[in-house]
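K.L.:
To start, I am sharing the structure in question, which I have written as structure tokens.
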Amino acid sequence: MLYDNDFLLLPYKGIIEERCRLYQEKARLLQGGAPRLSDNCNSHLYYGLHFTEGQWKLREWAPNASAMYLLFEGNSWQRNQRYAFQRVSEENWELCLPAQELSHGTLYKLLVEWNGGSGERLPSHTTRAVQDTYTKVFTAQVWQPSVPYQWQHSRPKGGEAPLIYEAHIGMSTEQQKVSTFVEFRLFVLPRIAQLGYNTLQLMAIQEHPYYGSFGYQVSNFFAVSSRFGTPEELKELIDTAHGLGIRVVLDIVHSHSVSNEAEGLSRFDGTDYLYFHRGERGQHPAWNSRCFDYGKGQVLNFLLSNCKYWLEEYQFDGFRFDGVTSMIYYDHGLGKAFTEYSFYYDGNEDTDALTYLALANQVVHEVYPEALTIAEEMSGMPGLASPISEGGLGFDYKMSMGIPDYWIKLLEDVPDPQWHVGDIYYELTNKRAEEHTISYAESHDQALVGDKTIFFRLTDKEIYTGMSVFDHSLVIDRAMALHKMIRLLTIATAGGGYLNFMGNEWGHPEWIDFPREGNGGSYAHARRMWSLLDDSSLKFKYLNAFDRAMIHFVKQTNLLDYEPHILVRDIERQLLAFERGGYLFVFSFNPDKAFVDYQFEVAAGKYTYVLCTDNPNFGGQGLINEQTEHFTQYTGGKNLISLYIPPRIGIVLTSEK
């Protein structure tokens, strides 16, 4: 159990064991007589619209409803008794229609009536919702293509450390518009493959009414966002990625739901507590959204079935669970610093949410044993990425959310001549030894309007005038050097995986700002300007070349399968050296001093250069002769290596015994 390897958890042994008991009890209840828990998570096969036995069947869970009707073109969108649902139990409703009544592409919605009111709704399990161009109203759409998509490639095998390229389909191309699955597959996916990333994380796939929410205000949990294309086009994108050896992870949102009633689940049957908590607890104070009631069996089945659906129907290779911190604390972790263990066991924890997350990990790994699950969680709760059998929640990885925050704070608050390499190494490696983590230098949040990416923060206005290969700028030199060093150091110390957000690898300028009232509906900042990267006269190409070399090096050497071991923390000179997987990493954050014949102890052998941030191919000055071979000298009972270390540099060497 968790407390066996961490004596600081012993005071909370009873709480940890009680959480385990609650999980086991709920798992037994949901599994019933089925062979596995996942075998009983099939709400998507019962609810929603299905063509079966030569007819259409549409079912809904709506205990408080007094009547329910189908509205569509066939009845002129009017309440009609012929299209009234029948109550088939105290909580469920069903409508059966002949095959000719509906066809592929038919638009429809529901009219739900309850005592004292009524409202138009989209089916809870709709797999397709489309938005009218003029009215902006969403409507469900029958999606039953005559020929199902034929998969061409099997899923890539798991086991590799995830090197994740996080992407948003809509803003992935240069055109000032919403980009599509087809455009991403044709024009962006090849770039990702060339860079060497083995995992693609897709944002904003579940349908969401407001484009500017970045996909985090979901309305239709089983529907692919139609603004990007069709379900088949998403499948072809995933299939093509699989053919390139790239796994595809869905950024899944089960932490909350949009408050919209016409499109979403809110007040579906007139109550505010069908899928969500009653009253104030059902309203997220920061996100203006609805909070799921994870204690309800029907809600658990809905969410667990949702995991199963995306794995089976779209062949996703796993999930990054969004907003886990918000789920597991009653106060959503807002404005709270988790500085001691007691904060994880003080009664502020939602045990129903913790139980759901463990159940979700069980279901995901039953459906697809090689699936990858990642928790976006900032409090650092122990056990998040530990096995369920040991009292954990069963995630394979959790995001190291403190690392990008640390880099930004360092860049904002401390001049780099004063950077403390000991503190940097500690912050990058500070994690629970038994848990795998995903490290990243910057998040997509830090690219949003009002904030800046690392490169834009380093360059500011110089990015517009100093990026020509024909110009020389000290500001740009510094920015490029630190950008490469920060990324290399972050991945070289990562606790199991690494993530980059689309475009950040080559220093995409400016910010992300989706079309909205405040910017006149502009798409100018909701895109990626690949032409800057492809322009051979600009220096962005150098950052991209370095990222490609770095990712391929880490992947080919299985570097993240090993642990780093510190060798040098020279605070005064701002020098850092450590060994990992047989490779020697050396960094100098010193802005202006070069060190000749800098000696320190390493394993005996011959050392040669593998990667150097200062290489001219990466926009560096070429101050190191990378053909040089370094032989250790046995002096004073130690094997010492002597290196020339220029300012602002990161180098990787390999040894031969």
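The values are calculated or read from the model by the stated rules, or taken from the named source; none is laboratory data. Keep in mind the model is a prediction, meaning the values are calculated, not measured. Neighbour counts are summed over all protein chains in view; Cβ atoms, including those assigned to glycine, are modelled from backbone coordinates with ideal geometry. Side chains are part of the model used for accessible areas, which takes the heavy atoms of the whole protein and leaves out ligands, DNA and RNA. Shrake-Rupley method; radii C 1.70, N 1.55, O 1.52, S 1.80 Å.
K.L.:
Considering only residues of the range 456-488 that are in a helix (DSSP H, G or I) and in contact with a strand residue (DSSP E or B) (Cβ under 6 Å, 6 or more places away or on another chain), which is surrounded by the fewest Cβ atoms within 10 Å (Cβ to Cβ)?
P.N.:
M485
K.L.:
Now for a different question. Residues in the range 19-48 that are over 30 Å from the mean Cα position of the chain (by Cα) and in contact (Cβ under 8 Å) with a residue 24 or more places away in the chain: how many?
P.N.:
Residues in the range 19-48 being over 30 Å from the mean Cα position of the chain (by Cα) and in contact (Cβ under 8 Å) with a residue 24 or more places away in the chain: 1 in total.
K.L.:
Looking only at residues that are among the small types (G, A, S) and over 17 Å from the mean Cα position of the chain (by Cα) in the range 313-356, which one is nearest to T230 (Cα to Cα)?
P.N.:
At the first step, the residues of the range 313-356 found to be among the small types (G, A, S) are 318, 323, 326, 333, 335, 337, 342, 347, 353.
Pick out the ones that are also over 17 Å from the mean Cα position of the chain (by Cα) and you get 333, 335, 337, 342, 347, 353.
Working: G333: 37, G335: 40, A337: 43, S342: 48, G347: 45, A353: 32 Å.
Selected residue: A353.
Here is a yes/no grid of residues against (1) more than 32 Å from the chain's Cα centre (by Cα); (2) assigned to a loop (DSSP other than H, G, I, E, B); (3) free of Cβ contacts under 8 Å to residues at least 12 places away in the same chain:
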{"residue": "E90", "(1), (2), (3)": "yes, yes, no"}
{"residue": "L97", "(1), (2), (3)": "yes, no, no"}
{"residue": "L111", "(1), (2), (3)": "yes, no, no"}
{"residue": "T126", "(1), (2), (3)": "no, yes, no"}
{"residue": "Q144", "(1), (2), (3)": "no, yes, no"}
{"residue": "P148", "(1), (2), (3)": "no, yes, yes"}
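K.L.:
Still on this model: Among (1) open to solvent by 10 Å² or more (accessible area, probe 1.4 Å); (2) closer than 25 Å to R155 by Cα; (3) touching a residue at least 12 places away in the same chain (Cβ under 8 Å), there is one condition N348 misses while meeting the rest; what is its number?
P.N.:
Checking N348 against (1) open to solvent by 10 Å² or more (accessible area, probe 1.4 Å); (2) closer than 25 Å to R155 by Cα; (3) touching a residue at least 12 places away in the same chain (Cβ under 8 Å), the one that fails is (2).
K.L.:
Between E427, E366, which is in contact with a Lys or Arg (Cβ under 6 Å, 6 or more places away or on another chain), outside any loop (DSSP other than H, G, I, E, B) and open to solvent by 20 Å² or more (accessible area, probe 1.4 Å)?
P.N.:
Values: E427 fails: in contact with a Lys or Arg (Cβ under 6 Å, 6 or more places away or on another chain).
Unique residue meeting the criteria: E366.
K.L.:
Which one of V130, V178 is in a strand (DSSP E or B), of a type in the set (A, V, I, L, M, F, W, C) and within 26 Å of Y216 (Cα to Cα)?
P.N.:
V130
K.L.:
Hey, any hits in the range 288-309 for a residue that's in contact with a Pro (Cβ under 9 Å, 6 or more places away or on another chain), of a type in the set (F, W, Y) and touching a residue at least 12 places away in the same chain (Cβ under 8 Å)?
P.N.:
no
K.L.:
Here is a further query. Please state which of the following conditions E233 fails to meet, knowing it meets all the rest: (1) in a helix (DSSP H, G or I); (2) within 24 Å of G318 (Cα to Cα); (3) of a type in the set (D, E, K, R); (4) out of contact with any helix residue (DSSP H, G or I) (no Cβ under 7 Å at 6 or more places or on another chain).
P.N.:
(4)
K.L.:
Find the residue count for the range 519-573, including only residues that are among the acidic types (D, E), without any contact (Cβ under 8 Å) to a residue 12 or more places away in the chain and part of a helix (DSSP H, G or I).
P.N.:
1
K.L.:
In addition: Examine the range 186-193 for a residue that is in contact with a Ser or Thr (Cβ under 7 Å, 6 or more places away or on another chain), of a type outside the set (V, I, T) and either assigned to a helix (DSSP H, G or I) or touching a residue at least 12 places away in the same chain (Cβ under 8 Å) (or both), and state whether such a residue exists.
P.N.:
Step one: list which residues in the range 186-193 are in contact with a Ser or Thr (Cβ under 7 Å, 6 or more places away or on another chain), which gives 187-189.
Still in the list and also of a type outside the set (V, I, T): 187, 189.
In the following step, the residues that additionally are either assigned to a helix (DSSP H, G or I) or touching a residue at least 12 places away in the same chain (Cβ under 8 Å) (or both) were identified as 187, 189.
Taking every residue of the range 186-193 in turn, at least one turns out to be in contact with a Ser or Thr (Cβ under 7 Å, 6 or more places away or on another chain), of a type outside the set (V, I, T) and either assigned to a helix (DSSP H, G or I) or touching a residue at least 12 places away in the same chain (Cβ under 8 Å) (or both).
K.L.:
Identify all residues within the range 236-276 that are assigned to a loop (DSSP other than H, G, I, E, B) and under 14 Å from W310 (Cα atoms); write none if there are none. So that I can check it myself, show each step before the final result.
P.N.:
Filtering the range 236-276 down to residues assigned to a loop (DSSP other than H, G, I, E, B) leaves 244-246, 253-256, 259-275.
V253, H254, listed by residue number.
K.L.:
Give the residues of the range 561-575 that are touching a Lys or Arg at 6+ places or on another chain (Cβ under 6 Å) and either within 26 Å of V475 (Cα to Cα) or buried (at least 18 other Cβ atoms within 10 Å of the Cβ) (or both), sorted by residue number.
P.N.:
P564
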